[in-house]
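K.L.:
There's a structure below that I have some questions on.
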């Protein structure tokens, strides 16, 4: 899990997110409001966005997340079943604790 998560807000522009993705060498990030995850935005969302679009208009709202105690196998299954690249790690109160990417899962499986 990566605990230092790069996030954005619903009021950011797609151009701002594109710049953040590029600068941080990542392909997507959670969209947060008051510390809670309200969406996910990825490179694919940016590619389909109209010029000047806001994050709220293009983000995915159906967020697949995991609890901090989720086993690696469960996370791998969710990533594969939903064909997604990352899942936010959220506690019982809905707070963002981190993010797990496919690369994180592969590394954990290799270490086992």
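Rule-based calculations on the coordinates, nothing more; no lab input. For clarity, every value in this text was computed on a predicted model and none was experimentally measured. Counting neighbours? That spans all protein chains shown, and the Cβs are built from the backbone with ideal geometry, glycine included.
K.L.:
How large is the helix-only mean residue ellipticity at 222 nm for the chain, computed as the sum of -39500 (n - 2.57) over DSSP H runs with n ≥ 4, divided by its residue count, in deg cm²/dmol to the nearest 500? The partial results should precede the final answer.
P.N.:
Details: 5 runs with 41 residues, N = 112.
About -10000 deg cm²/dmol.
K.L.:
If you fit an axis through the alpha-carbon atoms of helix 102-111 and take the longest principal axis of the Cα set of the chain, what angle between them do you get, 0 to 90°, nearest 10?
P.N.:
20
K.L.:
Would you calculate the separation in nanometres between label points at residue 93 and residue 63, each defined as 7 Å from the Cα along the Cα-to-beta-carbon direction?
P.N.:
Result: 1.5 nm between the two label points.
K.L.:
Report the calculated FRET efficiency for residue 18 and residue 103 (r = Cβ-Cβ distance, R0 = 25 Å), to the nearest 0.05.
P.N.:
Details: r = 21 Å, r/R0 = 0.84.
Taking R0 as 25 Å, the efficiency between residue 18 and residue 103 is 0.75.
K.L.:
While we're here: Can you tell which of 62, 45, 91 shows the greatest fluctuation in a Gaussian network model of the chain with Cα springs below 10 Å?
P.N.:
62
K.L.:
Could you tell me the largest-minus-smallest coordinate of the C-alpha atoms of the chain on each of the three principal axes, in descending order and whole angstroms?
P.N.:
45, 28, 24
K.L.:
Over the chain, with a Gaussian network built from C-alpha contacts below 10 Å, which listed residue (30, 71, 88) shows the highest mean-square fluctuation?
P.N.:
71
K.L.:
Same structure again: In degrees between 0 and 90, to the nearest 10, how far off the longest principal axis of the chain does helix 14-24 point, with axes built from Cα atoms?
P.N.:
Here the helix axis deviates by roughly 40 degrees.
K.L.:
Additional query: Got a sec? Which residues in segment 44-77 would a label at residue 2 touch, if it sits 7 Å along Cα→Cβ and we count backbone N under 14 Å?
P.N.:
none
K.L.:
With a 10 Å Cβ neighbour count serving as the proxy for reagent exposure, in which order, fewest first, do 7, 22, 2 appear? Please report the intermediate quantities before stating the final value.
P.N.:
Working: 7 17, 22 10, 2 14.
With the fewest neighbours first, 7, 22, 2 line up as 22, 2, 7.
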